[in-house]
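The values are calculated or read from the model by the stated rules, or taken from the named source; none is laboratory data. The structure presented is a predicted model; accordingly, all values stated were derived computationally and were not measured. Quick reminder, even Gly has a Cβ in these numbers, built from the backbone with ideal geometry, and neighbours come from all protein chains shown. These area figures cover heavy atoms from the full protein model, side chains too; ligands, DNA and RNA do not enter into them. Shrake-Rupley method; radii C 1.70, N 1.55, O 1.52, S 1.80 Å.
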Amino acid sequence: MNNNRNIQNDVNLAEVDLNHSIPEEETKRQYYFMAKAARYVAELEQKLGHKPTCCVTTFGCQMNARDSEKLVGILEKVGYELIEDENADFVIYNTCTVRDNANQRVYGRLGVLNGFKRKKPHMKIALCGCMMQEPTVIEKIKTSYRFVDLIFGTHNIFKFAELLVATFENEGLVIDIWKDTDQIVEDLPIERKYPFKSGINIMFGCNNFCSYCIVPYVRGRERSRAPKDIIREIERLVADGVVEIMLLGQNVNSYGKNLKEPISFAQLLQEIEKIEGLQRIRFMTSHPKDLSEELIQVMKHSKKICRHLHLPLQSGSTRILTSMNRRYTKEQYVELAERIRTEIPDIAITTDIIVGFPGETAEDVEETIDVIRRVKYDNAFTFIYSKRTGTPAAAMDNQVPEAQVKVGFDKVLKTVQDTAREQVSRYQGQIMDALVEEVNENDNSLVTGRLSNNTLVHFPGDASLVGKIVNVSLDECHGFYYMGHMV
Ligand code: SAH
Ligand code: SF4
Ligand code: F3S
């Protein structure tokens, strides 16, 4: 990985005075601890005879992926070398708890890490992210996974450098979990995974409390970053070669509502559009209840906002939507999607669907299928409902039997695949812009590009094209992707 990408902040750690008292201002404080950690890592390097390695494994959503880039930024800054292999000197799992299978994967893999650590006692194992905000998880780790060195949560991730130092200065488990925070700490190092595209947090947390969802409990209340901080971050990224950005938030449509000087998400987009050199703007996720006419118009007239909208449906049954606390009806959702399609005909709409929410009947599933047929999604993530302790839905007494869920799930999936195939193929024969993301893993004579509407296209090319936006003819649609050639 290329260290030049870590340009967010060029504080020289060698110049930080460790004899000075610990700075109070949070960004400065964390650089102080990075300088301290760098000394411990240098000592370790001496002992090992090579640069200590680190591995960051990410579970969950794009927001977690962005958080992991912050962890990598700090680890590289203090002297670790990033590798893909979990048999490293420092391993951190950035966890997700949105569905139970995400948790089970973490427990399973922790066993493997323990095997590595037995042969390498200096190895450090850290856990962070959403799962760590759940007290039951912490209890389980304390009793059954005693080889873990560090645990912290979502609210204090900015303290990672300080906690890392604590693992060097203490024997046994270092643990620091906060219930909530109103702090947003800016200007810490970030190491991007891709040189040409980047996620950017515009807000943290969620206030919606959909009845099935654990995110508001583990990510806290909604907080928006100041527009000037967002713009400054994007300007720096663009100066560093980024052409496409993805604005991240659990509900971007409510961005800015609780800032001292309120600003709408659509207004923020218009400001971002002005940034010279930036070519593509994406965002995620839009809650249908807050999607404004203003946003539709801004998207319609924008040259940079991509032709893609992720608009989670969750269920097509108004009865279930009410019980989910989604605060829109089936009709309102369909009307919104139709309005968007009329205003922006070339847009791709994708969605998330949950099957098996408590009380869901076969008729409710038919309602969902009806919406899929009417909206014609370009893609949809279909999830089996997962009971999350502490959420209102977990206490509902009409949980759906597994066998019934399976029948509904298969039906929904089949409908999604059929409509998606039809939707995606509607551009066959056309020429479109694609941002080349990588050399194809299976066939290195091909590269993979992403269209504005988020569909992938594979075409002949080489590594020199990565990061460039090129014109591609969409020759042949294969379900969810195209084969094409550059023109
Ligand atoms: N903030 C986003 C979603 C974040 S979670 C939004 O409101 O759209 C991503 C997706 O996980 C959700 O859209 C939902 O479909 C799914 N999900 C959340 N909780 C779930 C649960 N308990 N069981 C199954 N799927 C769930
Ligand atoms: Fe969860 Fe709903 Fe918030 Fe999305 S909007 S994160 S589904 S509570
Ligand atoms: Fe998972 Fe947390 Fe994202 S629970 S989906 S990683 S906000």
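The single condition among (1) part of a loop (DSSP other than H, G, I, E, B); (2) modelled with pLDDT of 95 or more; (3) more than 16 Å from ligand 1 (Cβ to nearest atom) that Thr181 does not satisfy is (2). Applying the criterion of being under 15 Å from the mean Cα position of the chain (by Cα) and part of a loop (DSSP other than H, G, I, E, B) to the residues of the stretch 45-69, the residue that is farthest from ligand 1 (Cβ to nearest atom) is Phe59.
Considering only the stretch 53-66, how many residues are farther than 15 Å from Leu82 by Cβ and open to solvent by 10 Å² or more (accessible area, probe 1.4 Å)? Result for the stretch 53-66: 4. When restricted to residues that are within 19 Å of the chain's Cα centre (by Cα), of a type in the set (A, V, I, L, M), part of a helix (DSSP H, G or I) and more than 16 Å from ligand 2 (Cβ to nearest atom), the stretch 85-117 contains 1.
The residue that is nearest to ligand 2 (Cβ to nearest atom), among those in the stretch 211-237 that are within 24 Å of His287 (Cβ to Cβ) and open to solvent by less than 10 Å² (accessible area, probe 1.4 Å), is Pro216.
For first residues located in the stretch 208-237 and free of Cβ contacts under 8 Å to residues at least 40 places away in the same chain and within 16 Å of Cys96 (Cβ to Cβ), partners that are small (Gly, Ala, Ser) and outside any helix (DSSP H, G or I) and lie 6+ apart or on another chain with Cβ distances below 9 Å form the pairs Pro216/Gly205.
State yes or no: is Phe160 open to solvent by 30 Å² or more (accessible area, probe 1.4 Å) and either away from ligand 3 (no atom under 16 Å from the Cβ) or touching a strand residue (DSSP E or B) at 6+ places or on another chain (Cβ under 6 Å) (or both)? The answer is no for Phe160.
From the list Arg109, Arg99, the one residue that fits, being open to solvent by 30 Å² or more (accessible area, probe 1.4 Å), within 16 Å of ligand 1 (Cβ to nearest atom) and either at negative phi or not basic (Lys, Arg) (or both), is Arg99. Regarding the stretch 57-72, can at least one residue be identified that is more than 21 Å from Pro195 (Cβ to Cβ) and away from ligand 3 (no atom under 16 Å from the Cβ)? No, there is no match, as no residue in the stretch 57-72 is more than 21 Å from Pro195 (Cβ to Cβ) and away from ligand 3 (no atom under 16 Å from the Cβ). Among the residues of the stretch 121-140, just one is over 20 Å from Val72 (Cβ atoms), away from ligand 1 (no atom under 16 Å from the Cβ) and open to solvent by less than 40 Å² (accessible area, probe 1.4 Å), namely Ile138. Among the conditions (1) open to solvent by less than 10 Å² (accessible area, probe 1.4 Å); (2) more than 20 Å from the chain's Cα centre (by Cα); (3) more than 16 Å from ligand 2 (Cβ to nearest atom), the only one that Asp240 does not satisfy is (1).
Give the residue that is farthest from Val137 (Cα to Cα), with candidates limited to residues of the stretch 362-396 that are within 16 Å of ligand 3 (Cβ to nearest atom) and among the aromatic types (Phe, Trp, Tyr). Applying the filter and picking the extreme gives Phe381.
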